[in-house]
Each structure stands twice: as structure tokens, then as C-alpha cells.
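Let me begin by presenting the structure, written as C-alpha cells, before commenting on it.
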Amino acid sequence: MNGKMRRELPLHFMIVPGLLFIAVFSYVPMAGIVIAFQKFIPARGLFGHQKWVGWDNFDYVMDLPSFTQVLWNTLYISSFKLVLGLVVPIVFAILLNELKNEVVKRSVQTTIYLPYFLSWVVLGGILIDLLSPSTGLVNQVLKSFGLEPIFFLGDNKWFPTTLIVSDIWKNFGYGTIVYLAAITGIDPGLYEAATIDGANRWKKAWHITLPGMRMVIVLLSVLSLGQLLNAGFDQVFNLYSPQVYESGDILDTFVYRIGLLDAQYGVATAVGFFKSIVSFILIGSAYFFAYRFAKYRIF
């Protein structure tokens, strides 16, 4: 063992817990994929004698009348979350970077970052109270302006919008911190040169700040695209109800009801396998285009 390897050995040992976590919770469960091709009976065990049904579980899922709507809901909600989840933090980080008062700047950073640490169990209860059509603060404000109350969590027209807005509100603080960190890595001399050339703040942001954030934006975009079929189980599960299944039911909640409530384990696994294949294709494509057009590489 050479000297460099000996010095870095403690760092390699620090990776071991993370590798074990990934192996136990990500790779070992992959053995359960076989359930998607079986008429699975739990009493016989994962490696017991199960009846193989081939593609029947997939055919059953595709023939369900609600599956197309569930898939559309997932794509619609997650697409808006993905796009706005990138755009809003970028814009907010640039605006926040322009603040000269450090006290105000750090206060705003802390305030917008706080919701990220709250679970959807807690936030779900808060939103249910705030958006109640009878006693909620939001509808009380609407009534004070002479407007009709809105059933945000019970109206198929408003429920997807509520999911998207509340998710952006919860998570954009984290993205903002990441982009602010990227901005601090930009050479200050570029801004000084732009000032001498007569560039205003908007031109500096467009020609210096955004290009300087490009690699971080590409990285987060690539990672986000792989989650296109994950519209947020925790959030939807804590906020939805049968009356908004039409617009709010997503693949994860669909799998939950089929797999755990209806005990159709093979069908639920088939949907999960379908999600994994699509996500793999999406993140592979995203990485290809990121390398093709932005010369982005993981290593």
C-alpha cells in the first residue's frame, strides 16, 4: 500500500456506511422484481414455489381504465414540479445575490430554507388547516375581498395546482442555497470587468451569473429528470382524498392501494418495475444530452 493510499484510507472507510445503505435498501430489494412476473402469494415466501404468469400483470395494469389517467396525473404534476423546481430557485438565488444587506440576505435564506426540514405529515396538517374552505386562513382572506371560498384539497380543478405550489414552496429554499453556493464560485473579476464595460445588473446576471451556474443547473436537471415519474408520494398521500383521485392520483398512490390495500403484489410490482425502466431511460438520455450539448461529465 503506497503512502497516498494509506493517507486516504480513513476517507475510504467513511464511504462504507453509505455503500452498505445503498446495497441493503437499493440493490438487495431488486431481487423482488421477480414478483412482477408471478401470481405472488406471501405465505410461500419470495423464493418459494410461486405461479409464473409472464406479462399478465403488466397486461392487467395497462387494461385498467384508471391507469391512463393515473399516468397522466403523474406526468402532469411531476413535470411542473421539475420545471418550476429548477426555475424558481435559480431566479430567487440571482435576486437574493443582488441584496447588499447581509443581515436581510441571511434572514431571507434561513426563512425560505425552514420548510425543507418539515415532513409532509406536518406540512399536510398545516395546509389542511390553512386551506380549509370554511375556517382556513386563505379562504377567510378570499371572503374578505368578496370572493367565493375555494376547496383547494377537494376540487379536481385546484388540487394539482395546490400540490405543485406547495411542493415548490417547501423545496425551493434548498435549491436556492445550492445555486447561491455556485454563484460564490464565480470569479469576482468578471463582474468588475463587466462594470467597467458599462454592464448593468441584468446583463451581469445574464452573461456572467447564469453561465457560471451552468454546471450545477445541468447536474440538478439530470438528477431531476430521473424522478419524472415520482410526483411525490408523501405529499399526495397526506393531502388527497377519494374525491380528487381523478386529478391527484399518481403512480405511487395507485401502487399503494393495489399492493398494500388490495394485496395484488404482482400487479403493484409490475407498476414499480415499469417506473424503474422509464426512469433509467430518462436519466440515461438526460446524461447523454448533458454531455452532448454542455460537455457535462460525472467524473
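The values are calculated or read from the model by the stated rules, or taken from the named source; none is laboratory data. Keep in mind it's a predicted model, so treat the numbers as computed, not measured. Note that each Cβ is placed from the backbone with ideal geometry, even for glycine, and that neighbours are counted across all protein chains shown.
Give segment 229-259 a look and list any residue that's β-branched (V, I, T) and either under 16 Å from the mean Cα position of the chain (by Cα) or closer than 19 Å to I35 by Cβ (or both), or say none.
V236, I250, T253, V255, I258
Of all residues in segment 70-80, at least one satisfies being of a type in the set (F, W, Y), assigned to a helix (DSSP H, G or I), modelled with pLDDT of 90 or more and surrounded by 15 or more Cβ atoms within 10 Å (Cβ to Cβ).
Checking the conditions here, which among V165, V88 is within 29 Å of Q235 (Cβ to Cβ), in contact with a helix residue (DSSP H, G or I) (Cβ under 6 Å, 6 or more places away or on another chain) and of a type outside the set (D, E, K, R)?
Numbers: V165 fails: in contact with a helix residue (DSSP H, G or I) (Cβ under 6 Å, 6 or more places away or on another chain).
The match here is V88.
The set of residues in segment 34-61 being loosely packed, with under 15 Cβ neighbours inside 10 Å, in contact with a helix residue (DSSP H, G or I) (Cβ under 9 Å, 6 or more places away or on another chain) and aliphatic (A, V, I, L, M) consists of I41, L46.
Rundown of residues vs (1) closer than 27 Å to W55 by Cβ; (2) free of Cβ contacts under 8 Å to residues at least 40 places away in the same chain, yes/no style:
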{"site": "M215", "(1), (2)": "no, no"}
{"site": "V222", "(1), (2)": "no, no"}
{"site": "L228", "(1), (2)": "yes, no"}
{"site": "L239", "(1), (2)": "no, no"}
{"site": "P242", "(1), (2)": "no, yes"}
{"site": "T253", "(1), (2)": "yes, yes"}
{"site": "R257", "(1), (2)": "yes, yes"}
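Can you tell me how many residues in segment 35-70 are closer than 29 Å to G232 by Cβ and free of Cβ contacts under 8 Å to residues at least 12 places away in the same chain? Matching residues across segment 35-70 total 6. I'm trying to understand the selection: among the residues of segment 9-68, which are in a loop (DSSP other than H, G, I, E, B) and aliphatic (A, V, I, L, M)? Hits for segment 9-68 are I41, L46, V53, L64. If a residue must be surrounded by fewer than 20 Cβ atoms within 10 Å (Cβ to Cβ), in a helix (DSSP H, G or I) and of a type outside the set (V, I, T), how many such residues does segment 152-169 contain? Matching residues across segment 152-169 total 2.
Scanning segment 81-103 for residues that are of a type in the set (A, V, I, L, M) and either in contact (Cβ under 8 Å) with a residue 24 or more places away in the chain or touching a Leu at 6+ places or on another chain (Cβ under 8 Å) (or both) turns up L82, L84, L86, V88, I90, A93, I94, L96. Can you work out which of the residues in segment 107-134 that are among the aromatic types (F, W, Y) and either within 16 Å of V165 (Cα to Cα) or not in a helix (DSSP H, G or I) (or both) is farthest from the chain's Cα centre (by Cα)? Among residues in segment 107-134 that are among the aromatic types (F, W, Y) and either within 16 Å of V165 (Cα to Cα) or not in a helix (DSSP H, G or I) (or both), the one farthest from the chain's Cα centre (by Cα) is Y113. Of all residues in segment 135-151, those satisfying the criterion of being loosely packed, with under 11 Cβ neighbours inside 10 Å and assigned to a loop (DSSP other than H, G, I, E, B) are T135, F145, G146, L147, E148.
Per the listing T195, T209, the residue uniquely hydroxyl-bearing (S, T, Y), surrounded by fewer than 17 Cβ atoms within 10 Å (Cβ to Cβ) and not in a loop (DSSP other than H, G, I, E, B) is T195.
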